[in-house]
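Heads up, the thing below is written out as structure tokens.
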There are 2 protein chains.
Amino acid sequence: MRFETSTIKDIAKALGLSTSTVSRALRDRYEISEETKKLVLAYAEKVNYRANPIARSLKERRSYSIGIIVSEIANNFFSQVINGIESIAYDRDYHVIISQSHESYKQEKLNVEHLASRSIDGLLIALSSETQDISYLRDLYAKGLPIVFFDRVPEDFETHKVIANNFKGAFDATEHLILSGKRVIAHLTNSENLSITKERLKGYQAALAKYHIEFKPELVKYCQHGGMHSAELEQAVKELLPLKPDGIFISSDRLTTGCIVALKKTNPEVAHKIAIAGFTNSNLVELFSPSLTSVKQPAFEMGQVATELLISMIEAKRPVTEFEIKILDTELVKMQKNIGNRFL
Amino acid sequence: MRFETSTIKDIAKALGLSTSTVSRALRDRYEISEETKKLVLAYAEKVNYRANPIARSLKERRSYSIGIIVSEIANNFFSQVINGIESIAYDRDYHVIISQSHESYKQEKLNVEHLASRSIDGLLIALSSETQDISYLRDLYAKGLPIVFFDRVPEDFETHKVIANNFKGAFDATEHLILSGKRVIAHLTNSENLSITKERLKGYQAALAKYHIEFKPELVKYCQHGGMHSAELEQAVKELLPLKPDGIFISSDRLTTGCIVALKKTNPEVAHKIAIAGFTNSNLVELFSPSLTSVKQPAFEMGQVATELLISMIEAKRPVTEFEIKILDTELVKMQKNIGNRFL
DNA sequence: AAAAAGTGTGCAAACGTTCCCAAAAACGTC
DNA sequence: GACGTTTTTGGGAACGTTTGCACACTTTTT
């Protein structure tokens, strides 16, 4: 801000004290007399003194801000995670800077490096679906930037991670479809790179196995761009339909909504005949037609937990060597009426 | 970031130059020899020099960051606006800090003041539905903080503003309902404080007037909290239904989706008999049941325009005294089939 | 009564930049 | 080769903090 505000110097001059004394009074350090402290505090209050965080950051070599990278904020899951992050961060006097990768590796790297050069104290990141090479993150980490991964985590990176119980979520959703009488269950999922893709695929396979349904690789469709392009989804749907699935298990928020749109757009007549169960945190699923069963992730909580872990790393006196992988349970929200009901 | 990176000083020492020379070479000032510039640039590249933005901010008394206040990022309209803002901001080397008011005046004020103390160079804000007293914004503005309002703008505040053509959007939506044969058209809207509420009400009234339908105040329901609490919406729906509306015009994104949820939850049997037209930027409306006609705002563009105006203010050499009010056209997306069709 | 310990304050350096001002180097002109 | 002019460089202050150290003063201990 260009406009002038009062500084420690101003206060010092006005009160006939030194800047150090004023600083100490404001920061409530031990070696300061009650009297001067009161005096300074009162005056600071009067002139509405606000410490300049930039100067403080420069001096302390930290910014009290944490960076967040998600693929997209216009996504119910991520925006809920962000709310969780903020709830903790603000309490602990950190502020957050949000960046979007739009599922692009290049954009992700660019944003992370931009944030790093902006002197963030730590980073919370869910990898983009394109990301395979995380060496740039390793470099930053090695240089001392605390990083906590959430949702989409790399396998071989020793730091805190917070994820949902993806295996169980996928298993539950698939089992639900099976118990509803479906037998040809397709799986529409994200890029193969992602941890969530692998875990959810395993859950899907396990459910099939439990009910002795053969796993058919051709029923699994991967979307490299996480459904960012509608063409990608329409293509997947087009390839899937000839295999006559009676159910689809979809493994991410964006894909789930995107898939229903694609189905209705390209094949409205079959859209209602296929049961859909998918990961989504949309609070609007009840409005959807065809209706769907959804796996809800504890997004808000995930944000909170990840932030607590990150702040503990930031504020740790010595390098952290013990890392946690927190796994949070998902919730299966079954649709209220029978599958494919047009009258919902 | 705690870890050490190379600084101008390091480069200067290594190259046997002074910091001023290095700084000039890096910043590509006119008074520097081609040769030294090349030398410095090459070395900087080699050691992967990154200017410390904090130090720069302190010196230049600006942060190259702009603050954004919206009520909620988990809202299609606002997240699209944010994408528009980012698209311009990043091009111009600003970064953005997003804050959410959650439709609370207190939270909004807190966030703005937090941002201001964080030395943002300018502010983009859509007021919360609770906000009536904007004197705190006036104070900051008077002190020199550039502010541009978008979407929800105050009446008596001389600065740039970017809004949608709310009157026309509301008129079109209401007229569409009338032309579909509806005669008892309710209006569910936001807090009366908001500019958008007033403008959209006028559009609604104008459409009624055009077709000689009497305006009935009891058909208008205000939601003070913008639909943040579902109870608020359910209450409004409950009060509206006895008046037997055959159409509802809803004036905001959150209210529109929220209202359909409330309708289906409280009165599923009538939900499909009422035609709904509402403001929303959801890309999922096609999935909704009951289906609805939507007024889409040019959210992305709104963000872009607002950001351009803000940056022009920030970078203006002399105080800006001529202000613009940009009004962007909305788009009416009619539902594909007849109103209330359960088979959509 | 002198020494030791404790308390409150100020001085000055540092964080990494930018930029004003002056000094030095390079160049041209007579 | 002395002079002015232009180009290039360096010195150092400043931005607003925090903090190690030293100093002065008071209180306690011996």
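Observations
- Taken over the stretch A:1-22, the criterion of being in a helix (DSSP H, G or I) and either among the β-branched types (Val, Ile, Thr) or more than 10 Å from DNA strand D (Cβ to nearest atom) (or both) is satisfied by A:Ile8, A:Ile11, A:Lys13, A:Ala14, A:Leu15, A:Thr19, A:Thr21, A:Val22.
- The set of residues in the stretch B:68-77 that are within 9 Å of another protein chain (Cβ to nearest Cβ) and within 13 Å of B:Ala299 (Cβ to Cβ) comprises B:Ile73, B:Asn75, B:Asn76.
- Exclusive hit being within 9 Å of chain B (Cβ to nearest Cβ), within 27 Å of A:Ala116 (Cβ to Cβ), more than 11 Å from DNA strand D (Cβ to nearest atom) and not in a helix (DSSP H, G or I), set A:Ile97, A:Ile82: A:Ile97
- Qualifying residue in the stretch A:94-106 (condition: of a type in the set (Asp, Glu), touching an Asp or Glu at 6+ places or on another chain (Cβ under 7 Å) and open to solvent by less than 60 Å² (accessible area, probe 1.4 Å)): yes
- Residue that is farthest from DNA strand C (Cβ to nearest atom), among those in the stretch A:23-52 that are polar (S, T, N, Q) and assigned to a helix (DSSP H, G or I): A:Ser23
- When restricted to residues that are under 42 Å from the mean Cα position of the chain (by Cα) and buried (at least 16 other Cβ atoms within 10 Å of the Cβ), the stretch A:20-40 contains 5.
- Some residue of the stretch B:46-60 being open to solvent by less than 30 Å² (accessible area, probe 1.4 Å) and more than 11 Å from DNA strand D (Cβ to nearest atom): yes
- Residues that are among the β-branched types (Val, Ile, Thr) and in contact with a Lys or Arg (Cβ under 6 Å, 6 or more places away or on another chain) within the stretch A:21-53 comprise just one, A:Ile32.
- The residues in the stretch B:30-54 that are among the polar types (S, T, N, Q) and more than 14 Å from every other protein chain (Cβ to nearest Cβ) can be counted, and the count is 2.
- Filter result (under 22 Å from B:Phe171 (Cβ atoms) and assigned to a loop (DSSP other than H, G, I, E, B)) within the stretch B:216-225: B:Lys216, B:Cys223
- Residue check, A:Ala55 touching a Ser or Thr at 6+ places or on another chain (Cβ under 6 Å), more than 30 Å from A:Ala299 (Cβ to Cβ), in a helix (DSSP H, G or I) and within 16 Å of DNA strand C (Cβ to nearest atom): no
- Count of the stretch B:88-139 residues which are aliphatic (A, V, I, L, M) and free of Cβ contacts under 8 Å to residues at least 24 places away in the same chain: 2
- For first residues located in the stretch B:6-21 and under 17 Å from A:Arg61 (Cα atoms), partners that are more than 8 Å from DNA strand C (Cβ to nearest atom) and lie 6+ apart or on another chain with Cβ distances below 6 Å form the pairs B:Ser6/B:Val47.
- Matching strands (runs of 3 or more DSSP E) fully within the stretch A:121-199 where at least 1 residues are touching a Gly at 6+ places or on another chain (Cβ under 8 Å) and either within 17 Å of A:Ile69 (Cβ to Cβ) or more than 14 Å from every other protein chain (Cβ to nearest Cβ) (or both): A:122-125, A:147-150, A:185-189
The values are calculated or read from the model by the stated rules, or taken from the named source; none is laboratory data. Note that the structure is a prediction, hence the values are computed from the model and not measured. Please note: Cβ atoms are built from the backbone with ideal geometry, for glycine as well, and neighbour counts cover all protein chains shown. These accessible areas exclude ligands, DNA and RNA; they are computed on the full protein's heavy atoms, side chains included. Shrake-Rupley method; radii C 1.70, N 1.55, O 1.52, S 1.80 Å.
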